[in-house]
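Right, one structure below, let's go through it.
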Amino acid sequence: MSKFFVVGDVTVDLMYFVNELPEAGGEVSVTRAVMEPGGAGGTIATTLARLGHQVKIATRVGTGPFSELALRNVMASGVDTSCVQHDEGLQTGSILILITPDAQRTMLSSAGATRHLDAAFLNPDDITSCDALVMSAYSLIGGLQREYAVKALDIAKRAGLTTFIDMGSGAVNALQDRLISLTQDFDYLLMNQKELLTLTGATSISEAVNGLAHEGIKRVIVKVGEKGSLVITPEVTELIEAYEIDGVVDSTGAGDYYTAAFAHGIMEGYDLREAARLGNIAGALNTVQVGAQKSDLSVEILEHYAKELTTA
């Protein structure tokens with residue numbers, strides 16, 4: 001197994017299930033309301049630890065009950081939290097999520113303490129002792145966290161770590177074309193189709209990928225929902241079919257599970273197609289329970305479903 005350094009948010013997800021979204025100034029009743037640990041960084045770190053890896057996470061939280069909840073699964077899964085910073089003046093990040101019956105999410109996010117992750121406390125040894133860096137692109141949006149993230153990437157590249165970055169709609173919308181220059185040095189870029197088109201300003205996947213290749217970005221993984229995911233390199237472009245699953249109730253965290261399982265596969269020596277297949281399986285399994293981190297994934301579970309796909 002590998003050692004991962006993860007840079008990204010940990011949050012509290014305030015999840016409200018509604019039959020329809022309210023109009024401006026209106027009100028609707030919810031059918032269910034829950035609070036769960038979330039955030040791309042926390043979810044990726046938790047999943048990698050559940051897959052047996054040694055994981056260290058760099059993030060910043062506030063104090064009080066929200067910080068305890070945000071870190072609950074991170075700590076329970078055995079993630080090293082020695083690089084977690086605590087802010088006495090700001091609240092832990094939180095996300096209000098409205099979920100409609102088609103499992104679509106409408107979100108309002110508050111970064112809180114996260115954007116104040118301070119590079120003054122970054123110890124290069126924490127990164128150079130690892131094999132891989134996984135970063136959420138939200139870490140690049142701004143504030144002290146962006147400085148931390150850029151320094152962490154520079155240290156990782158100099159030390160020869162394998163690097164992964166997971167995009168997010170909020171990060172893409174906030175940074176737009178500036179995000180390309182910030183992510184050129186990563187070995188693997190992971191994003192969904194909407195993020196890809198927004199990032200590049202293209203109208204088709206092929207046009208977008210050609211644009212990224214022109215920028216020197218060669219390994220792109222595009223999550224295309226129910227169709228699966230696209231593996232795109234200079235040598236191959238291939239659709240890896242989705243793992244079909246019944247009973248989808250909540251897609252929160254599915255993309256983060258994909259990223260963690262994909263990174264797991266790459267670091268375990270799987271080729272790109274096999275790693276993407278693991279990502280498809282992990283993402284699908286996380287949609288049948290409520291909460292970003294509810295699916296208790298393991299290597300045995302991943303391998304079971306991967307074998308099922310290859311023998312079908």
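Structural remarks
- For segment 229-293, diffusion coefficient by Stokes-Einstein and Kirkwood Rh (Cα), 20 °C, 1.002 mPa s, µm²/s: 179
- Each Lys and Arg adds +1 at its Cβ and each Asp and Glu adds -1 at its Cβ; summed about the Cα centre, segment 1-113 shows a dipole of about 520 debye.
- CD proxy at 222 nm, helix term only [per DSSP H run n ≥ 4: -39500 (n - 2.57); per residue of the chain; nearest 500]: -10500 deg cm²/dmol
- Three-way shape label, segment 132-273, alpha-carbon gyration tensor, a/c 1.5: rounded
- Whole-number D in µm² s⁻¹ for segment 148-200, Kirkwood Cα-pair radius fed into Stokes-Einstein, 25 °C, 0.890 mPa s: 212
- Sequence of Ser204, Ser136 once ranked by neighbouring C-beta atoms within 10 Å, starting from the fewest: Ser204, Ser136
- Evaluating 6.51 cos²θ - 1.76 cosθ + 1.60 at θ = phi - 60° for every residue in segment 98-113, the Karplus couplings come out as 9, 10, 8, x, 8, 6, 7, 10, 10, 10, 10, 10, 10, 5, x, 5 Hz, glycine and proline recorded as x.
- Averaging the sequence gap over all C-alpha pairs within less than 8 Å and six or more residues apart, then dividing by the number of residues, gives segment 191-312 a relative contact order of 19 percent.
- Gap separating the Cα centres of segment 16-55 and segment 216-248, nearest whole Å: 23
- Fewest neighbouring Cβ atoms within 10 Å first, the residues Val248, Val61 line up as Val248, Val61.
- Taking a Cβ cut-off of under 12 Å around Ile95, the surrounding Lys, Arg, Asp and Glu residues balance to a net charge of -2, with basic ones at +1 and acidic ones at -1.
- Efficiency of FRET between Phe121 and Glu268 - r from beta-carbon atoms, R0 22 angstrom, step 0.05: 0.10
- Rg [Å, one decimal], Dmax [Å, integer] - the chain, C-alpha atoms: 18.3, 55
- Across the chain, the mean sequence separation of Cα contacts (distance under 8 Å, 6 or more residues apart), normalised by length, yields a relative contact order of 17 percent.
- Extension gain, Ile245 back to Leu96 (0.36 nm per residue minus Cα-Cα distance, nm): 51.0 nm
- Rounded to the nearest 20, the Cβ-based charge dipole of the chain about its Cα centre (Lys and Arg +1, Asp and Glu -1) stands at 420 debye.
Laboratory data are not the source of any read-out in this text; all were calculated from the coordinates shown. Predicted model, so just to flag it, every value in this text is computed and none were measured. Every residue, glycine as well, gets a Cβ built from its backbone with ideal geometry; the counts of neighbours run over all protein chains shown.
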